[in-house]
Amino acid sequence: MLVTALAVAGCDGGKDDVETKTIDDAKAVVQARAESVAGQLGGVLTRPSLLDAPCTGRRGESGGDGVYFIQGGYQVALPAAEHVATAARVRDEWKAAGWTITDNRTIGTTAILAATTPDEFKVHLESTVQGSALALLVYSPCYGSPSGGNHAAWQ
C-alpha cells in the first residue's frame, strides 16, 4: 500500500509571489503531470491520492493567505525486474527535458529517482516494498487560493 505523507513545500513569500489557482484546478494539473509520468513508465496510475496542504517557508514560516501545494500519490504496476532499467531510461528522458535530477539510486532491484521540473514540480519514483509497482509522488509548486485566507482543512 502506498502511504502518502505531506512534505514541506517551500514558499518564500505570500500569495502575491505565487500563481493563483483553485485547489480543484491545481489537483487537475498534478493529475495530468502524474499521467504523463505514468506514460513514460509504460503503465497506468492506480491508488490515487490527492492532498492539499499549506506551503511553508524554508525557515518554517507559513506562506499564509491561502498559499498551498498539492501532493499526488500513486502506484504504477511494473515488475520488480524492470524497475532499475525503467528508472534509468526515465532519468535520461527527464534530463533531456531539462529536469534537475535530485536523487538517483539503485539498491538491488529497488530504484529511487527524483527530479524537479523547470516549472518547479517535484517528482519522486520509488520501488514499492512488494516490488510489484513503482510509487509515484508529484508535488506542485505553491499556489495562492483565489478566495485567500487559510483553507478550512488546515485549521
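Tabulated results
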item	result
Single match in Gly72, Gly43 (criterion: in a loop (DSSP other than H, G, I, E, B), modelled with pLDDT of 90 or more and not charged (D, E, K, R))	Gly43
Residue within segment 8-29 that is at pLDDT 95 or above and within 23 Å of Glu126 (Cβ to Cβ) present	yes
Those residues of segment 92-127 which are part of a helix (DSSP H, G or I) and either out of contact with any helix residue (DSSP H, G or I) (no Cβ under 7 Å at 6 or more places or on another chain) or without any contact (Cβ under 8 Å) to a residue 24 or more places away in the chain (or both), in sequence order	Asp92, Trp94, Lys95, Ala96
Test for Ala97: is it loosely packed, with under 12 Cβ neighbours inside 10 Å and at pLDDT below 95	no
Segment 107-118: number of residues that are farther than 15 Å from Ser36 by Cβ and exposed (fewer than 15 other Cβ atoms within 10 Å of the Cβ)	3
Which numbered condition His83 fails, given (1) surrounded by 22 or more Cβ atoms within 10 Å (Cβ to Cβ); (2) assigned to a strand (DSSP E or B)	(2)
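The values are calculated or read from the model by the stated rules, or taken from the named source; none is laboratory data. This structure is a prediction, so every number in the text was calculated from the model and none was measured. Every residue, glycine as well, gets a Cβ built from its backbone with ideal geometry; the counts of neighbours run over all protein chains shown.
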